[in-house]
Amino acid sequence: MKVYLDNNATTRISKEVIEELSYALKIFGNPSSIHRYGRDAREIIEKARRRVAGAIGARREKEIIFTSGGTEANNIAVSGTLKKYPSKKHIITSRIEHHSVLNIFRYYEEKGYDVSWIDAGSDGIVDTEQILSELREDTALVSIMAANNETGAIQPLRNIVKKVKKISPRTVFHTDAVQFFGKDHLNAVELDADLITISGHKIHGPKGIGALYVKNGVKIDNIVFGGHHERGIRPGTENVSFIAGLGKAAEAVSHQQAGKDYRRIEELREMLIGGLLNIPGEVIINGSPDKSLVNTLNVSFKNIEGESVIMMLDSAGIAVSSGSACTSGAIEPSHVLTAMGIDPVTAQGSVRFSLSKYNTKEEIAYVIKQAGPIVKKLRDISPL
Ligand code: PLP
């Protein structure tokens, strides 16, 4: 049996998205051309923009800027804001962000910016009071993710945005909602963040496509120079077919069916938790599943390496990962688990299971059946 439980790394592209992509690939005109070919391509982009705006509850379609993915959208959000407000030299983010936010903040710190790094508790939730206490007159930007990719921890974002805006209305608020979008209800108007990042491949769409929501009235500078595309914020001839794919994928996650999918996925996760906790020896759940995305479960099998578990599960046809997909291969303990105060040995033993609507009960039963003997075998030979 083959079981794919690495949906926070990427998801299987859906049939409807493939159909949409294939259709759009044939519409080859340049969307900036004014003739019929160009207009046909433009129509595809604007339809996708409507779909994405609808799916994230944006008021206006023009608030959606297509990018080459979550990483680029995060970079535009951070650099675009700092370029716009060059005299403000203080920025705030958390220690549990994805590397596309973490590393750009580190870059600006090296360049002389004052960065306030916000801690997370053992439940993986960032400290709201610390964010508020760090706000200053010259705080250009606060960037806090909506849900964490490794633990699934959902941040109390509405509350954070509301309080930040009250204390510091001129500070730009960005959220990386790459993991949250499609797994929970995202509404840009209710959230009131200025900038929101989403990505196609985490929602059964294509890789290499994403979007940045830029709230009406919020000003950011372009960081790439070119033409007028995407309001000049992200110049370059648009990736028409992938934009169409993102639009279709976004529409699917905003359907009523998505709510039913979340509930079914949560049941599967409950089943998985029950099964894994039955494995003899210490099995620790990292973070708090009831405060996390319904599809994510991060566990540590004490005294064995997560990487070894992953490799043995892989031989049994089961795909999972340890920590962020983007850091797989690196052997240091995850920066997210470390920031949550989890000791290095436990962090090294962590394995992330991330489910999707395509998983079944039979698959989860198979995973549980395979995991027990694998953990036992690794413990028997572990030097730890
Ligand atoms: N932000 C988070 C929370 C992610 O999990 C990822 C991908 O792993 C990204 C951003 C980057 O998105 P993309 O792969 O589209 O560049």
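Starting from the Cα-Cα distance between residue 32 and residue 365, subtract it from 0.36 nm times their residue separation and give me the gain in nm to one decimal. It would help to have the intermediate numbers written out before the result.
Working: separation 333, 0.36 × 333 = 119.88 nm, distance 5.18 nm.
Residue separation times 0.36 nm, minus the Cα-Cα distance, leaves 114.7 nm.
Taking N as the number of residues in region 41-96, what is its Cα Rg relative to 2.2 N^0.38 Å?
Numbers: Rg = 14.6 Å, N = 56, 2.2 N^0.38 = 10.2 Å.
The reported ratio for this selection is 1.44.
List 350, 100, 32, 14 from most exposed to least, where exposure is judged by having the fewest other Cβ atoms within 10 Å. Provide the component values of the computation, followed by the final result.
Details: 350 26, 100 21, 32 13, 14 18.
Sorted ascending by nearby Cβ count, the order is 32, 14, 100, 350.
Positive end of the charge dipole of the chain (Lys, Arg +1 and Asp, Glu -1 on Cβ, about the Cα centre): tell me which of 4, 33, 66 has its Cα farthest that way. Farthest along the dipole direction, towards plus: 33.
Going 7 Å from the Cα of residue 167 along its beta-carbon direction, which residues of region 105-133 have the amide nitrogen within less than 14 Å of the resulting point? Backbone N within reach: 116-119, 127-133. Here's the picture: charge each Lys and Arg Cβ at +1 and each Asp and Glu Cβ at -1 in the chain, and of 175, 247, 100 the one pushed furthest to the positive end of that dipole is 247. Positive contributions from Lys and Arg (+1) and negative ones from Asp and Glu (-1), summed over other residues with Cβ under 11 Å from the Cβ of residue 196, come out at -3. So for the pair residue 114, residue 61, with labels modelled 7 Å out along Cα→Cβ, what separation do we get in nm? For residue 114 paired with residue 61, the spin-label model returns 4.4 nm. Only the Cβ atoms of Lys and Arg (+1) and of Asp and Glu (-1) were treated as charged; on that basis the dipole of the chain about its Cα centre amounts to roughly 1200 debye. Near the amide H of residue 318, within less than 5 Å, lie the amide hydrogens of 3, all on another chain or at least 5 residues away, with H placed in the peptide plane.
Under the convention that each Lys and Arg Cβ holds +1 and each Asp and Glu Cβ holds -1, the size of the dipole of region 71-185 around its Cα centre is about 580 debye. For residue 118, nonlocal amide neighbours, meaning residues 5 or more places apart or on other chains whose placed amide H falls under 5 Å from its own, are 93, 94, 95. Computed from backbone phi, the HN-Hα couplings of region 264-278 come to 5, 5, 5, 4, 5, 5, 4, 4, 5, 4, x, x, 6, 5, 7 Hz, rounded to whole numbers (Karplus: 6.51 cos²θ - 1.76 cosθ + 1.60, θ = phi - 60°; Gly and Pro given as x). In summary, the lysines within cross-link reach of residue 163, defined as a Cα separation below 28 angstrom excluding same-chain residues under 8 places away, comprise 62, 83, 84, 88, 89, 183, 215, 219, 291.
Please find the FRET efficiency linking residue 332 to residue 358, where r is the Cβ-Cβ separation and R0 is fixed at 51 Å, and quote it to the nearest 0.05. Let's see the in-between values first.
Numbers: r = 32 Å, r/R0 = 0.62.
It comes out at approximately 0.95.
Between the listed residues 18, 140, 118, the Cα displaced farthest toward the positive end of the dipole of the chain, a dipole computed from Cβ unit charges relative to the Cα centre, is found at 18. Ellipticity at 222 nm from helices only: DSSP H runs of n ≥ 4 in the chain, each -39500 (n - 2.57), divided by the residue count, give -12500 deg cm²/dmol.
Taking N as the number of residues in region 15-253, what is its Cα Rg relative to 2.2 N^0.38 Å? Can you show the working numbers first?
Details: Rg = 17.6 Å, N = 239, 2.2 N^0.38 = 17.6 Å.
Its radius of gyration relative to the 2.2 N^0.38 Å reference: 1.00.
Between residue 351 and 299, 300, 301, the built amide H atoms are under 5 Å apart, and every one of these is 5 or more places off in sequence or on another chain.
No value in this document is a laboratory result; all are computed from the given coordinates. Bear in mind that the values here come from a model prediction, so they are computed numbers and not experimental data. Cβ coordinates were reconstructed from backbone atoms using ideal geometry, including for glycine residues, and neighbour counts include every protein chain displayed.
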